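Everything on this sheet refers to the single structure shown next.
The values are calculated or read from the model by the stated rules, or taken from the named source; none is laboratory data. Predicted model, so just to flag it, every value in this text is computed and none were measured. Here the Cβ positions follow ideal geometry from the backbone for every residue, glycine too, while neighbour counts run over all protein chains shown.
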Amino acid sequence: MPAHTIPIKTARGEKPKLAVYKFSSCDGCQLSLLNLEDELLDLVGAVEIAHFLEARRQVLPPPYDIGLVEGSISTPDEEQRIHDARRDCRFLVAIGACATSGGIQALRNWADVDEFMKYVYATPQYIRTLDTATPVAAHVFVDFELRGCPVSQIQLLELISALLVGRKPNIATHSVCVECKRKGLPCVLVSKGEPCLGPITQAGCGALCPSCSRACYGCFGPSSRPNIPSLGNRFVNELGKSNRDMKRMLRSYNGFLEPFKQASEHYERLEEQEA
(Lines give C-alpha, C1' and ligand atoms only; values in the text may rest on other atoms or scores of the structure.)
Protein backbone atom coordinates (compact mmCIF):
# COMPACT_ATOMS: atom_id res chain seq x y z
CA MET A 1 0.00 0.00 0.00
CA PRO A 2 1.35 3.49 -0.79
CA ALA A 3 2.55 5.63 2.09
CA HIS A 4 -0.49 7.90 1.60
CA THR A 5 -3.81 6.66 0.28
CA ILE A 6 -6.80 8.65 -0.86
CA PRO A 7 -9.51 8.96 1.81
CA ILE A 8 -12.64 7.00 0.98
CA LYS A 9 -15.25 9.45 -0.27
CA THR A 10 -18.92 8.64 -0.66
CA ALA A 11 -22.04 10.54 -1.63
CA ARG A 12 -23.23 12.94 1.02
CA GLY A 13 -24.97 11.14 3.84
CA GLU A 14 -23.71 7.69 2.80
CA LYS A 15 -21.26 5.56 4.74
CA PRO A 16 -18.36 3.68 3.13
CA LYS A 17 -19.39 0.12 2.33
CA LEU A 18 -17.54 -2.74 4.01
CA ALA A 19 -17.56 -6.29 2.63
CA VAL A 20 -16.15 -9.32 4.44
CA TYR A 21 -15.52 -12.50 2.44
CA LYS A 22 -14.85 -16.05 3.60
CA PHE A 23 -12.83 -18.59 1.65
CA SER A 24 -11.13 -21.78 2.99
CA SER A 25 -10.70 -20.97 6.68
CA CYS A 26 -12.04 -21.47 10.19
CA ASP A 27 -13.89 -18.10 10.52
CA GLY A 28 -11.55 -17.03 13.34
CA CYS A 29 -10.48 -13.77 11.67
CA GLN A 30 -14.09 -12.79 11.01
CA LEU A 31 -14.84 -13.47 14.67
CA SER A 32 -11.96 -11.16 15.62
CA LEU A 33 -13.91 -8.38 13.93
CA LEU A 34 -17.17 -9.30 15.65
CA ASN A 35 -15.38 -9.60 19.01
CA LEU A 36 -14.29 -5.95 19.00
CA GLU A 37 -17.04 -5.46 21.62
CA ASP A 38 -16.80 -1.81 22.76
CA GLU A 39 -15.43 -0.64 19.41
CA LEU A 40 -17.94 -2.57 17.29
CA LEU A 41 -20.72 -0.02 17.66
CA ASP A 42 -18.36 2.79 16.64
CA LEU A 43 -17.27 0.75 13.62
CA VAL A 44 -20.85 0.10 12.55
CA GLY A 45 -21.49 3.81 12.93
CA ALA A 46 -18.61 4.61 10.57
CA VAL A 47 -19.23 2.05 7.81
CA GLU A 48 -22.14 0.27 6.16
CA ILE A 49 -21.87 -3.52 6.57
CA ALA A 50 -22.74 -4.34 2.98
CA HIS A 51 -21.62 -7.99 2.72
CA PHE A 52 -20.78 -10.01 5.82
CA LEU A 53 -22.58 -13.36 5.97
CA GLU A 54 -21.15 -14.12 9.40
CA ALA A 55 -22.92 -11.05 10.80
CA ARG A 56 -26.04 -10.38 8.71
CA ARG A 57 -28.15 -11.99 6.01
CA GLN A 58 -28.76 -8.85 3.97
CA VAL A 59 -26.26 -8.35 1.13
CA LEU A 60 -26.07 -4.96 -0.54
CA PRO A 61 -24.96 -4.79 -4.18
CA PRO A 62 -21.38 -3.80 -5.06
CA PRO A 63 -19.23 -1.81 -5.49
CA TYR A 64 -17.73 -1.84 -1.99
CA ASP A 65 -15.17 0.57 -0.58
CA ILE A 66 -13.30 -1.93 1.63
CA GLY A 67 -13.14 -5.69 1.22
CA LEU A 68 -11.68 -7.94 3.92
CA VAL A 69 -10.83 -11.46 2.76
CA GLU A 70 -10.41 -14.37 5.15
CA GLY A 71 -9.19 -17.75 3.91
CA SER A 72 -6.95 -19.34 1.32
CA ILE A 73 -7.84 -20.08 -2.30
CA SER A 74 -8.31 -23.85 -2.32
CA THR A 75 -11.10 -24.69 -4.78
CA PRO A 76 -11.96 -23.79 -8.40
CA ASP A 77 -15.02 -21.89 -7.14
CA GLU A 78 -12.87 -19.79 -4.80
CA GLU A 79 -10.44 -19.09 -7.62
CA GLN A 80 -13.30 -17.44 -9.51
CA ARG A 81 -14.86 -15.71 -6.50
CA ILE A 82 -11.64 -13.96 -5.49
CA HIS A 83 -11.51 -12.27 -8.89
CA ASP A 84 -15.11 -11.16 -8.36
CA ALA A 85 -14.19 -9.73 -4.96
CA ARG A 86 -11.24 -7.85 -6.43
CA ARG A 87 -13.50 -6.37 -9.10
CA ASP A 88 -16.13 -5.31 -6.56
CA CYS A 89 -13.83 -3.68 -3.96
CA ARG A 90 -11.87 -0.46 -4.10
CA PHE A 91 -9.49 -1.62 -1.36
CA LEU A 92 -8.98 -5.37 -0.94
CA VAL A 93 -7.24 -6.57 2.21
CA ALA A 94 -6.16 -10.13 3.02
CA ILE A 95 -6.62 -10.83 6.73
CA GLY A 96 -5.13 -13.73 8.65
CA ALA A 97 -2.65 -16.51 7.98
CA CYS A 98 -4.90 -18.38 5.52
CA ALA A 99 -5.42 -15.35 3.30
CA THR A 100 -1.81 -14.14 3.50
CA SER A 101 0.09 -17.44 3.34
CA GLY A 102 -2.31 -20.28 2.52
CA GLY A 103 -2.77 -21.22 6.16
CA ILE A 104 -2.51 -24.62 7.77
CA GLN A 105 -4.28 -26.19 4.77
CA ALA A 106 -1.26 -25.23 2.62
CA LEU A 107 0.55 -28.19 4.20
CA ARG A 108 -1.02 -30.21 1.41
CA ASN A 109 1.16 -28.27 -1.06
CA TRP A 110 4.02 -30.61 -0.11
CA ALA A 111 1.90 -33.76 -0.38
CA ASP A 112 -0.59 -35.59 -2.57
CA VAL A 113 -4.00 -33.99 -2.06
CA ASP A 114 -5.77 -36.94 -3.72
CA GLU A 115 -4.23 -39.26 -1.15
CA PHE A 116 -5.49 -37.02 1.65
CA MET A 117 -9.01 -37.06 0.26
CA LYS A 118 -9.10 -40.86 0.24
CA TYR A 119 -8.60 -40.89 4.01
CA VAL A 120 -10.82 -37.91 4.89
CA TYR A 121 -13.87 -38.27 2.65
CA ALA A 122 -16.11 -41.29 2.17
CA THR A 123 -16.80 -40.28 -1.46
CA PRO A 124 -13.78 -38.25 -2.61
CA GLN A 125 -14.95 -38.31 -6.22
CA TYR A 126 -17.43 -35.54 -5.34
CA ILE A 127 -14.74 -33.20 -4.00
CA ARG A 128 -13.59 -30.36 -6.25
CA THR A 129 -10.32 -28.88 -5.06
CA LEU A 130 -7.14 -27.32 -6.38
CA ASP A 131 -3.82 -29.11 -6.07
CA THR A 132 -2.55 -26.35 -3.78
CA ALA A 133 -3.94 -23.94 -1.19
CA THR A 134 -2.51 -20.50 -1.86
CA PRO A 135 -2.74 -16.95 -0.47
CA VAL A 136 -5.04 -14.36 -1.98
CA ALA A 137 -2.10 -12.40 -3.42
CA ALA A 138 -1.20 -15.38 -5.61
CA HIS A 139 -4.39 -14.73 -7.59
CA VAL A 140 -5.23 -11.02 -7.42
CA PHE A 141 -3.61 -7.78 -6.34
CA VAL A 142 -4.21 -6.96 -2.68
CA ASP A 143 -3.80 -3.49 -1.23
CA PHE A 144 -2.68 -4.70 2.20
CA GLU A 145 -2.05 -7.91 4.13
CA LEU A 146 -2.76 -8.33 7.83
CA ARG A 147 -1.03 -11.29 9.46
CA GLY A 148 -2.01 -13.52 12.34
CA CYS A 149 -3.90 -16.67 13.26
CA PRO A 150 -6.24 -15.08 14.05
CA VAL A 151 -5.60 -11.43 13.26
CA SER A 152 -5.11 -8.99 16.12
CA GLN A 153 -8.27 -7.07 16.96
CA ILE A 154 -6.20 -3.95 17.60
CA GLN A 155 -4.46 -4.22 14.25
CA LEU A 156 -7.74 -4.90 12.46
CA LEU A 157 -9.28 -1.77 13.95
CA GLU A 158 -6.16 0.24 13.09
CA LEU A 159 -6.31 -1.00 9.50
CA ILE A 160 -9.96 -0.04 8.95
CA SER A 161 -9.47 3.34 10.65
CA ALA A 162 -6.45 4.10 8.47
CA LEU A 163 -8.31 3.22 5.26
CA LEU A 164 -11.23 5.44 6.19
CA VAL A 165 -9.04 8.54 6.63
CA GLY A 166 -6.54 7.73 3.87
CA ARG A 167 -3.32 7.03 5.75
CA LYS A 168 -0.91 4.12 5.88
CA PRO A 169 -1.84 1.58 8.58
CA ASN A 170 0.60 1.55 11.49
CA ILE A 171 1.36 -2.18 11.52
CA ALA A 172 4.64 -3.38 13.03
CA THR A 173 7.00 -5.56 11.00
CA HIS A 174 9.64 -6.16 13.68
CA SER A 175 9.96 -9.41 15.64
CA VAL A 176 8.02 -10.68 18.64
CA CYS A 177 11.20 -10.26 20.70
CA VAL A 178 10.64 -6.50 20.70
CA GLU A 179 7.21 -7.01 22.26
CA CYS A 180 8.71 -9.34 24.87
CA LYS A 181 11.31 -6.76 25.89
CA ARG A 182 8.74 -3.97 26.09
CA LYS A 183 6.62 -6.10 28.42
CA GLY A 184 9.63 -7.06 30.56
CA LEU A 185 9.22 -10.77 29.88
CA PRO A 186 12.08 -13.23 30.40
CA CYS A 187 13.28 -14.85 27.17
CA VAL A 188 11.96 -18.43 27.10
CA LEU A 189 14.76 -19.39 24.70
CA VAL A 190 17.46 -18.19 27.08
CA SER A 191 15.87 -18.90 30.47
CA LYS A 192 14.05 -22.16 29.69
CA GLY A 193 15.92 -23.48 26.67
CA GLU A 194 12.72 -23.79 24.61
CA PRO A 195 12.84 -23.45 20.80
CA CYS A 196 11.07 -20.10 20.47
CA LEU A 197 10.37 -18.67 16.99
CA GLY A 198 9.94 -15.16 18.39
CA PRO A 199 13.25 -13.85 16.94
CA ILE A 200 12.04 -14.56 13.37
CA THR A 201 8.27 -13.97 13.78
CA GLN A 202 6.47 -10.70 13.08
CA ALA A 203 5.02 -8.85 16.06
CA GLY A 204 1.32 -8.24 16.50
CA CYS A 205 0.15 -10.78 19.06
CA GLY A 206 1.43 -8.82 22.05
CA ALA A 207 3.86 -11.65 22.83
CA LEU A 208 0.90 -13.75 23.92
CA CYS A 209 2.64 -17.12 24.25
CA PRO A 210 5.82 -15.81 25.95
CA SER A 211 3.50 -13.98 28.38
CA CYS A 212 2.32 -17.46 29.41
CA SER A 213 5.93 -18.77 29.59
CA ARG A 214 5.45 -20.62 26.30
CA ALA A 215 7.62 -20.46 23.20
CA CYS A 216 6.34 -18.56 20.17
CA TYR A 217 5.33 -20.84 17.29
CA GLY A 218 5.15 -18.26 14.52
CA CYS A 219 1.43 -17.61 13.97
CA PHE A 220 2.13 -14.10 12.58
CA GLY A 221 4.61 -15.34 9.98
CA PRO A 222 8.17 -14.15 9.31
CA SER A 223 9.30 -10.70 10.42
CA SER A 224 10.74 -8.20 7.96
CA ARG A 225 14.33 -9.54 8.11
CA PRO A 226 14.33 -12.97 9.80
CA ASN A 227 17.71 -14.61 10.35
CA ILE A 228 16.42 -18.18 10.15
CA PRO A 229 19.83 -19.88 9.58
CA SER A 230 21.26 -18.37 12.77
CA LEU A 231 18.27 -19.37 14.90
CA GLY A 232 18.18 -22.80 13.26
CA ASN A 233 21.84 -23.41 14.07
CA ARG A 234 21.14 -22.71 17.73
CA PHE A 235 18.15 -25.03 17.78
CA VAL A 236 20.14 -27.84 16.14
CA ASN A 237 23.52 -27.42 17.81
CA GLU A 238 22.48 -26.32 21.32
CA LEU A 239 18.94 -27.63 21.79
CA GLY A 240 19.41 -30.89 19.91
CA LYS A 241 16.66 -30.36 17.36
CA SER A 242 16.80 -32.46 14.19
CA ASN A 243 16.35 -31.27 10.63
CA ARG A 244 12.92 -32.89 10.69
CA ASP A 245 12.06 -30.91 13.83
CA MET A 246 13.10 -27.69 12.10
CA LYS A 247 11.02 -28.49 9.05
CA ARG A 248 7.93 -29.20 11.16
CA MET A 249 8.34 -26.03 13.25
CA LEU A 250 8.46 -23.85 10.15
CA ARG A 251 5.54 -25.60 8.44
CA SER A 252 2.59 -24.51 10.51
CA TYR A 253 0.17 -21.61 10.00
CA ASN A 254 2.54 -19.71 7.72
CA GLY A 255 4.61 -22.56 6.30
CA PHE A 256 3.97 -21.62 2.68
CA LEU A 257 4.98 -17.98 3.19
CA GLU A 258 8.46 -16.93 2.15
CA PRO A 259 11.00 -17.17 3.75
CA PHE A 260 9.57 -19.92 6.04
CA LYS A 261 8.89 -21.96 2.92
CA GLN A 262 12.47 -21.74 1.64
CA ALA A 263 13.91 -22.57 5.05
CA SER A 264 11.64 -25.58 5.61
CA GLU A 265 12.55 -26.96 2.19
CA HIS A 266 16.23 -26.51 3.05
CA TYR A 267 15.81 -28.61 6.21
CA GLU A 268 13.77 -31.15 4.27
CA ARG A 269 16.70 -31.64 1.87
CA LEU A 270 19.05 -32.09 4.80
CA GLU A 271 16.62 -34.61 6.30
CA GLU A 272 16.58 -36.58 3.04
CA GLN A 273 20.38 -36.60 2.89
CA GLU A 274 20.48 -38.13 6.37
CA ALA A 275 18.09 -40.94 5.40
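Quick notes
- Count of region 102-122 residues, restricted to those that are modelled with pLDDT under 95 and part of a loop (DSSP other than H, G, I, E, B), is 4.
- Selection within region 247-275: residues that are free of Cβ contacts under 8 Å to residues at least 60 places away in the same chain and not in a helix (DSSP H, G or I). The member of this set that is nearest to ALA133 (Cα to Cα) is GLU258.
- In region 174-182, the condition of being modelled with pLDDT of 95 or more, over 23 Å from PRO259 (Cα atoms) and over 21 Å from the mean Cα position of the chain (by Cα) is met by at least one residue.
- Applying the criterion of being of a type outside the set (D, E, K, R) and over 21 Å from SER175 (Cα atoms) to the residues of region 240-275, the residue that is surrounded by the most Cβ atoms within 10 Å (Cβ to Cβ) is TYR267.
- Positions within region 224-246 being at pLDDT 95 or above, not in a helix (DSSP H, G or I) and not charged (D, E, K, R), in sequence order: PRO226, ASN227, LEU239, GLY240, SER242
- Restricting attention to region 129-143, the residues that are closer than 12 Å to PHE91 by Cβ and either surrounded by fewer than 18 Cβ atoms within 10 Å (Cβ to Cβ) or in the same structural domain as LEU257 (by TED's automatic domain parsing) (or both) total 2.
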